[in-house]
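Novice: Below you will find the structure I want to go over with you.
Where a number appears in this text, it was derived from the coordinates with a stated rule and is not lab data. None of the values given here were measured: they were computed from a predicted structure. FYI the Cβ positions are ideal-geometry reconstructions off the backbone, even for glycines, and counts take in every protein chain you see.
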Amino acid sequence: MTLDKLPIGVPAIVLQVGGEGEFRLRLLDMGILPGTLVKVQKYAPLGDPLQMRVRDFDLVIRLQDAAHIEVMKI
């Protein structure tokens with residue numbers, strides 16, 4: 001399952017961060033690393049972007065970027 005499909009409030013663990021080059025490095029730099037606990041908190045009114053909780057901070061990313069992050073529900 002990818003992060004863009006994760007329901008609100010369901011905790012998950014990052015399995016793999018896809019993408020290439022600077023895009024992938026940007027996600028990793030934001031703390032989205034394999035083994036990290038994430039939880040989608042809410043979606044914008046029109047559905048994009050999404051706000052999620054990563055470690056101890058909130059992060060907002062586009063659905064298009066979230067589709068490259070593979071997660072497993074806990």
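Novice: Could you work out which residue, out of D29, D56, D48, moves most in a Gaussian network model of the chain, that is, has the largest mean-square fluctuation with Cα springs under 10 Å?
Specialist: With Cα springs under 10 Å in the chain, the top fluctuation among D29, D56, D48 is at D56.
Novice: Work through the residues other than R24 whose Cβ is under 15 Å from its Cβ and net out their charges, Lys, Arg +1 and Asp, Glu -1.
Specialist: Taking every other residue near R24 into account, the sum is -3.
Novice: Follow-up. Please build a GNM for the chain, connecting alpha carbons under 10 Å apart, and tell me which residue among G47, G18, G35 fluctuates the most.
Specialist: G47
Novice: What net charge do the residues around L37 carry, taking every other residue with its C-beta under 14 Å from that of L37, with Lys and Arg at +1 and Asp and Glu at -1?
Specialist: Local net charge: +2.
Novice: Mind grabbing the base-10 log of I(q)/I(0) for the range 3-73 at q = 0.19, 0.21 Å⁻¹? Debye formula, identical points on the C-alpha positions, no solvent, two decimal places.
Specialist: For the range 3-73 at q = 0.19, 0.21 Å⁻¹, log10 I(q)/I(0) is -0.66, -0.82.
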